[in-house]
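The values are calculated or read from the model by the stated rules, or taken from the named source; none is laboratory data. Bear in mind that the values here come from a model prediction, so they are computed numbers and not experimental data. Note: ideal-geometry Cβ built from the backbone for every residue, glycine included; neighbour counts use all protein chains shown. Heavy atoms of the whole protein, side chains included, go into the accessibility calculation; ligands, DNA and RNA do not. Shrake-Rupley method; radii C 1.70, N 1.55, O 1.52, S 1.80 Å.
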Amino acid sequence: MARRARRNGRRADSARTGYLDDVSEQPSAGWPTLWADVNELVARLRDGVTDALGDRLVGLYLSGSLAAGDFDPESSDIDFVAAVTEELPPDRVDALGTVHAVLAASGLPFAHHLEGSYLPLGALRRYDPADAHHPTVGADWPFGVHQHGYDGVFNRAILRDHGVVVLGPDPATLVDPIGPDELRDAVRALLRDFWAIQDEHSDWLRPRNYQAFAVLSMCRALYTLEHGKLASKPVTAAWAREHLDPPWTDQVDRALSWRRDRRPDAAALPDTLAFIQFTLDRAGV
């Protein structure tokens with residue numbers, strides 16, 4: 001969920017221009033992506049994972065902002081999902097750990113901004129909180145077997161409809177359809193289980209870019225509760241500016257300007273927490 005400082009992302013040659021406005025209505029970008037540095041890192045990931053897993057690997061997909069169409073090379077992570085045949089044995093998990101250690105030490109742009117999971121086919125098909133411990137790596141956590149939260153519902157929805165196929169079958173064949181009510185339920189669960197426990201002692205929220213992430217996440221939550229579908233952060237921010245009243249609209253504007261600003265700003269934290277509470281109240285959480 002981190003939002004990062006400036007990085008050098010060289011744009012690859014492509015006939016495609018622009019990004020998606022609404023992930024629920026627009027087609028996704030393809031592979032290779034628009035960004036040469038992204039392509040180099042993902043190609044190394046693909047080759048390393050293929051060597052580590054062999055025929056246990058079913059598919060490798062780009063998700064998140066690269067699939068949704070709002071990837072920003074200066075602030076976005078490289079989100080991926082690897083579909084595997086079954087729960088991986090310890091030796092294969094260790095092999096994947098080596099792959100990610102090598103990538104982290106490669107010096108490649110974005111090397112520390114990979115964020116993804118290795119999901120068995122049964123767990124990939126539908127999010128189940130009772131079956132949610134799987135290998136994962138993130139910009140803010142080391143590779144290992146970790147708990148997956150209700151944002152897995154959103155990740156699967158984006159993957160199913162807009163996932164970028166690096167290798168493997170169409171992701172729509174691997175993930176069940178996700179309806180409006182399921183999306184709304186996942187929003188409320190994530191608000192309840194994660195956002196409701198944030199307070200003035202949440203040190204991770206002090207940097208401006210993380211406060212921007214929080215505010216824009218609230219915009220997406222409100223949009224999904226209203227419409228029963230997902231949309232990119234630019235779309236949901238624009239919707240929030242049109243449908244919310246001050247002071248919330250001022251916070252949306254500030255969040256958009258702070259996405260790449262890593263300076264701590266404790267003075268702004270109460271406003272950010274107030275926006276979170278406003279969203280919780282609107283959601284009935």
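Within region 256-285, the set of residues being among the acidic types (D, E) and either in a helix (DSSP H, G or I) or within 10 Å of L191 (Cβ to Cβ) (or both) comprises D271, D281.
In region 166-194, what residues are of a type in the set (V, I, T) and either buried (at least 16 other Cβ atoms within 10 Å of the Cβ) or in contact with a Gly (Cβ under 6 Å, 6 or more places away or on another chain) (or both)? Reasoning before the result, please.
Kept after step one, since they are of a type in the set (V, I, T), are these residues of region 166-194: 166, 173, 175, 178, 187.
Residues satisfying the conditions are V166, V175, I178, V187.
Do the conditions hold for S24, that is, is it open to solvent by 20 Å² or more (accessible area, probe 1.4 Å) and at pLDDT below 95? Break it down stepwise before answering.
On the way: open to solvent by 20 Å² or more (accessible area, probe 1.4 Å): yes; at pLDDT below 95: yes.
When the stated conditions are applied, S24 passes them.
Note on region 226-247: among residues that are over 18 Å from the mean Cα position of the chain (by Cα) and open to solvent by less than 50 Å² (accessible area, probe 1.4 Å), the one that is farthest from R184 (Cα to Cα) is L244. Is it the case that R192 is among the basic types (K, R) and in contact with a strand residue (DSSP E or B) (Cβ under 9 Å, 6 or more places away or on another chain)? So R192 does not fit the description; no. A single entry from Y127, Y118, Y223 fulfils the requirement of being surrounded by 21 or more Cβ atoms within 10 Å (Cβ to Cβ), among the aromatic types (F, W, Y) and closer than 25 Å to V102 by Cβ: Y118. What about F110, is it free of Cβ contacts under 8 Å to residues at least 60 places away in the same chain, surrounded by 22 or more Cβ atoms within 10 Å (Cβ to Cβ) and either in a loop (DSSP other than H, G, I, E, B) or among the small types (G, A, S) (or both)? It is false that F110 is free of Cβ contacts under 8 Å to residues at least 60 places away in the same chain, surrounded by 22 or more Cβ atoms within 10 Å (Cβ to Cβ) and either in a loop (DSSP other than H, G, I, E, B) or among the small types (G, A, S) (or both).
Does any residue of region 208-217 turn out to be small (G, A, S) and closer than 16 Å to L191 by Cβ?
In the first step, residues of region 208-217 are kept if they are small (G, A, S); the result is 212, 214, 217.
Now drop any that are not closer than 16 Å to L191 by Cβ, which leaves 214, 217.
Yes, the conditions are met somewhere in region 208-217.
Sort out which residues of region 248-260 are in contact (Cβ under 8 Å) with a residue 40 or more places away in the chain, in contact with a helix residue (DSSP H, G or I) (Cβ under 7 Å, 6 or more places away or on another chain) and open to solvent by 20 Å² or more (accessible area, probe 1.4 Å), and write them in order of number. Matches in region 248-260: L256, W258, R259, R260. For region 137-151, a residue qualifies if it is among the hydroxyl-bearing types (S, T, Y) and either open to solvent by 70 Å² or more (accessible area, probe 1.4 Å) or within 20 Å of I78 (Cβ to Cβ) (or both), but none of them does.
Applying the criterion of being modelled with pLDDT of 95 or more and among the β-branched types (V, I, T) to the residues of region 225-262, the residue that is nearest to D181 (Cα to Cα) is T236. Within region 82-107, being in a loop (DSSP other than H, G, I, E, B) and more than 14 Å from P120 (Cα to Cα) holds for A105, S106, G107.
The residue of region 37-94 that is surrounded by the most Cβ atoms within 10 Å (Cβ to Cβ), among those that are of a type in the set (D, E, K, R) and touching a strand residue (DSSP E or B) at 6+ places or on another chain (Cβ under 7 Å), is D79.
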